[in-house]
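One structure below.
The values are calculated or read from the model by the stated rules, or taken from the named source; none is laboratory data. None of these values were measured; they are calculated from a predicted model. Here the Cβ is made from the backbone with ideal geometry for all residues, glycine too, and neighbour counts use every protein chain on show. Side chains included, ligands, DNA and RNA excluded: accessible areas come from the protein's heavy atoms. Shrake-Rupley method; radii C 1.70, N 1.55, O 1.52, S 1.80 Å.
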Amino acid sequence: NNPVWLPAAGADTGPNPVVSGQIGTLFGIPVVVSGIIRTDLSQYGYYNSDYEQNNTCVLLFHRPSWRMGIRKGITIEVDKSISSQTLTCVATWRGDLRCTQPSSAVCVSLGYNKAV
């Protein structure tokens, strides 16, 4: 009674995918879809128009192995335009991810040639 794939259908059966981004659980690992991963990968692992492009890749991270660090604190800058009577506000922050495991440990895995 331990299914491989458990979809996240809402608050009553698991995390709400609209709020958390988690669409389900695969082997007990939360699955979150990213808009950054492209869906036009060829079957050979290339983003090349010479081959049919109908695949994507899967990234698997071991979350407890990664820690977020701060490289530069939050900086807020405001520019006032008198002619248009507007304020432009820009906030920047620089962070960094570091793996806490030794270099021989596997913290990230990549699978490709996954059909879209």
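If you check E77 against the conditions, is it more than 30 Å from W5 (Cα to Cα) and either modelled with pLDDT of 85 or more or among the charged types (D, E, K, R) (or both)?
yes
This table checks each residue for (1) at pLDDT below 75; (2) more than 15 Å from V116 (Cα to Cα); (3) among the hydroxyl-bearing types (S, T, Y).
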residue	(1), (2), (3)
W5	yes, yes, no
G10	yes, yes, no
G35	no, no, no
I70	no, yes, no
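Quick check on the stretch 50-64. Is at least one of its residues modelled with pLDDT of 80 or more, outside any strand (DSSP E or B) and among the aliphatic types (A, V, I, L, M)?
Checked against the condition, which is being modelled with pLDDT of 80 or more, outside any strand (DSSP E or B) and among the aliphatic types (A, V, I, L, M), the stretch 50-64 yields no hits at all.
Any idea how many residues of the stretch 50-70 are exposed (fewer than 10 other Cβ atoms within 10 Å of the Cβ) and farther than 30 Å from C107 by Cβ?
So the answer is 1.
Considering only residues that are small (G, A, S), over 20 Å from the mean Cα position of the chain (by Cα) and surrounded by 10 or more Cβ atoms within 10 Å (Cβ to Cβ), which ones fall in the stretch 71-116? I'd like the intermediate steps shown before the answer.
Initial filter on the stretch 71-116 (small (G, A, S)): 73, 81, 83-84, 91, 95, 103-105, 109, 111, 115.
The next check asks that each one be over 20 Å from the mean Cα position of the chain (by Cα); those that pass are 73, 81, 83-84, 91, 103-105.
Residue satisfying the conditions is A105 alone.
What is the residue count in the stretch 24-38 for residues that are in a loop (DSSP other than H, G, I, E, B) and more than 14 Å from the chain's Cα centre (by Cα)?
Residues of the stretch 24-38 that are in a loop (DSSP other than H, G, I, E, B), as a first pass: 27-28, 33-38.
Applying the additional criterion that residues be more than 14 Å from the chain's Cα centre (by Cα) yields 27-28.
The total comes to 2.
Residue pairs, Cβ under 6 Å, 6 or more apart or interchain, first in the stretch 28-46 and within 19 Å of R63 (Cα to Cα), second in a loop (DSSP other than H, G, I, E, B). List them.
Partner pairs satisfying both residue conditions: V32/G21.
Could you check G14 against (1) assigned to a loop (DSSP other than H, G, I, E, B); (2) modelled with pLDDT under 80; (3) out of contact with any Phe, Trp or Tyr (no Cβ under 7 Å at 6 or more places or on another chain); (4) open to solvent by 70 Å² or more (accessible area, probe 1.4 Å) and say which number it fails?
(4)
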